[in-house]
Amino acid sequence: MRNLFAPSLVVFQEVIRSGSIGSAAKELGLTQPAVSKIINDVEAYFGIELVVRKNTGVTLTQAGQVMLSWSESITREMKNMVDEMNSMTSNAVVDVSFGFPSLIAFTIMSGMIKKFKEVFPNAQVSMYEAQLSSFLPAVRDGRLDFAIGTLSDEMKLHDLHVEPLFESEFVLVASKSRTRTGITTLSALQNEQWVLPQTNMGYYSELLTTLQKNGISSENIVKTDSVVTIYNLVLNADFLTVIPCDMTTPFGSNQFITIPVEEALPVARYAAVWSKNYRIKKAASILVELAKEYSSYNCQRRKQLIEVD
């Protein structure tokens, strides 16, 4: 093998993903000897063993781990190149994948995606809902084109592009079955049961510090990535939660109330982030611009509503 070609990298990745040469051959529609030869040729090209072959399958050597990381980056960049070249034709099929928190789904997502599909009617869009901390590994290695979420000062984002979007106030929310008692304090609620999103950074990490300073222990806090579960526990199990103002009346529901507290809750800073190691796709770049546009519109609308009230 005088030169290392992309198909060889794809075969190498499939062997690792499948766990054995035989399984990879079946998945790729090749013969087992053909796959073995490709792996042998790649190892000969570098002059080092990349995988350890056993009866139970294959495992990566240290060199193989380095090879896998680089090969995934190369094939991903080649795919992005093909996508961008294809996007220059009118009948192109582009794909974009990104992560977002629930607030985006409740506010700007529908406008963003509707406008995006007008520009790219054949686009294949994959969207994933969770907190930003869950998405960062996939953003860093290029599996996600970008992600939207809340930032906090302790987050290490030097390897990421950060595009600020908007700020959002959060409020304490309970079921309307509770009797309103006026303004209270967080310390007065330390024996209550709480439910919050699962994350170790961003807004809810800051909020957790605030709650703990006011005597609310982690034993009284249930964590989940499911916004449906959060609403359900608040509505049917008398839990408390802290969510953005725009999420207090989901789908027009009047089943929730806000409880004013004396303490100032942290303000969330939302941003879009993507890796500096990869050139962002045109389609993904347009989605980020749409997120900025619709975030600005949503903020203006909220200010108008506050002025009317």
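Within straight-line reach of LYS292, meaning a Cα separation under 16 Å, sit the following lysines at least 8 residues removed in sequence or on another chain: LYS114, LYS115, LYS282. Set the Cα radius of gyration of the chain against 2.2 N^0.38 Å, with N its number of residues, and you get 1.25. Convex hull volume per residue, computed on the Cα atoms of the range 170-266, equals 94 Å³. Ranked by the mean number of other Cβ atoms within 10 Å per residue, highest first, peptides 191-203, 216-228 order as 191-203, 216-228. A compact globular protein would have a Cα radius of gyration near 2.2 N^0.38 Å; the ratio found for the range 4-147 is 1.30. For the peptides 205-215, 47-57, 96-106, 284-294, the ranking by mean Cβ contacts within 10 Å, running from highest to lowest, is 96-106, 284-294, 205-215, 47-57.
Per residue, the convex hull spanned by the alpha carbons of the range 6-85 comes to 88 Å³.
Basic side chains Lys and Arg get +1 at the Cβ, acidic Asp and Glu get -1 at the Cβ, and with that the dipole of the chain about its Cα centre reaches some 620 debye. Spin-label model, HIS158/ASN277: points 7 Å from Cα along the beta carbon direction are separated by 1.5 nm.
Values quoted throughout were computed directly from the atomic coordinates according to the rules given, and no laboratory measurement underlies them. The structure presented is a predicted model; accordingly, all values stated were derived computationally and were not measured. Glycine also receives a Cβ, built like all others from the backbone with ideal geometry; neighbour counts cover every protein chain displayed.
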